[in-house]
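Let me begin by presenting the structure, written as structure tokens, before commenting on it.
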Amino acid sequence: MRRPCVAGNWKMHKTLEESLHLVDSIKPDLDEIKSVDNVICPPFTALAGVKELLEGTRISLGAQNLFWEEQGAYTGEISPLMLAELVSYVIIGHSERRAYFQDSDEAVNKKVKAALAAGLKPILCVGETLEENEAGRTGEVVQRQLTSGLKGLGEKDLGEMMIAYEPVWAIGTGKAATPDGANQVIKTHIRDALASLISPEIAQKMRILYGGSVKPENARDFFQQPDIDGALVGGASLKAEAFVEITKAAAG
Ligand code: PEP
């Protein structure tokens, strides 16, 4: 059985002070929900402060991006080694990074490898745009992103990594995918693809999350799907009550 996971992607929201306040207000409730893993991904500037607040809790900390080099003249970038002191997870290949910061499939693959080499657990995001969806290209796009994101990696690398299926048209739009539709994509184009690409054991072991307008009202329907192991939550992770409710839904 795969343990459900609910992760929060705070994107470019919350100052340090606001981040600490939000963590303070979700911490006691999340700590009670022992059957679900939680990961929160605040902005870089809040990671050190939030790490202190999370000590002794069961909530894990994640970053939203990284650069693949260990150190060097890369102004403005953050290395895997720097993150390894602070977080356990890192989101890689989020569609906003792919769209606004030109994170190519190749760059995503370098980031995944660098994260794993530093002992971080990547949350690799894949998902098609509206145009690709309407052109019937969902499977092709998702499998291309998955295959290139995992290029050069084997069974021993992947056990603790997670994949998030996030259709771009569902992110921040309020228009979530249907639970059954998301499950179909995850089953066919991610889990079955992982079985051929890596191994059937890894495909059964790896947690695959759905992301895109998940909220308390629809979360349960996603979590009831057999291949959806949790959610990557954007907007609703910024509201304490909503994030706690979604986590409760994952507990069943
Ligand atoms: C996200 O940014 O990963 C996301 C899923 O956003 P939202 O929940 O706001 O659609």
Name the most mobile residue of Ile208, Ile59, Ile40, meaning the one with the largest mean-square fluctuation, in a Gaussian network model of the chain with Cα contacts below 10 Å. Ile59
If I take every Cα pair under 8 Å that is 6 or more residues apart in region 1-134, average their sequence separation and divide by the length, what percent do I get for the relative contact order? 20
Kirkwood Rh for region 1-145 from C-alpha pairs, in Å, is 16.4
Does region 1-45 classify as rounded, prolate or oblate by the C-alpha gyration tensor (a ≥ b ≥ c root eigenvalues; a/c under 1.5 gives rounded; else a/b over b/c gives prolate, otherwise oblate)? oblate
What distance in nm separates the simple spin-label points at Met1 and Glu32, each placed 7 Å from Cα in the Cβ direction? 2.1
Pairs of Cα atoms under 8 Å, at least six residues apart: use those to get the relative contact order of the chain, whole percent. 22
Please list, in chain and number order, the residues 5+ apart from Arg207 or on another chain whose amide H is under 5 Å from its amide H, with Hs placed from the backbone. Ile163
So what's the back-of-envelope 222 nm ellipticity for the chain, counting only DSSP H runs of four-plus at -39500 (n - 2.57) apiece and dividing by all residues, rounded to 500? -12500 deg cm²/dmol
Just to be sure I understand the model, the point goes 7 Å from the Cα along the line to the Cβ. What's the resulting Glu77 to Thr45 distance in nm? 2.2
When the chain is treated as a GNM, springs tying every alpha-carbon pair under 10 Å, which of Gly181, Gly49, Gly76 comes out with the largest mean-square fluctuation? Gly76
If you line up the Cα atoms of the chain on their principal axes, what length do they span on each, largest first, in Å? 46, 44, 34
Report the relative contact order of region 110-252, percent, no decimals, based on alpha-carbon pairs under 8 angstrom and at least 6 residues apart. 22
Over all alpha-carbon pairs in region 161-252, figure out the percentage whose distance exceeds 17 Å. 45
In Å³ per residue, the alpha-carbon convex hull of region 99-224 encloses 111
Return the distance in nm (one decimal) between the two label points of a simple spin-label model at His21 and Asp105, each offset 7 Å from Cα along Cα→Cβ. 4.4
Cα centroids of region 1-60 and region 126-197: how far apart, whole angstrom? 25
Full-extension gain in nm, Glu69 to Glu134, via 0.36 nm per residue minus C-alpha separation: 19.7 nm
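Read the figures in this text as sums done on the coordinates, not as results from a lab. Predicted, not measured: the structure shown is a model, and the values here were computed from it. All Cβ positions, glycine included, derive from the backbone under ideal geometry; neighbour counts span all protein chains shown.
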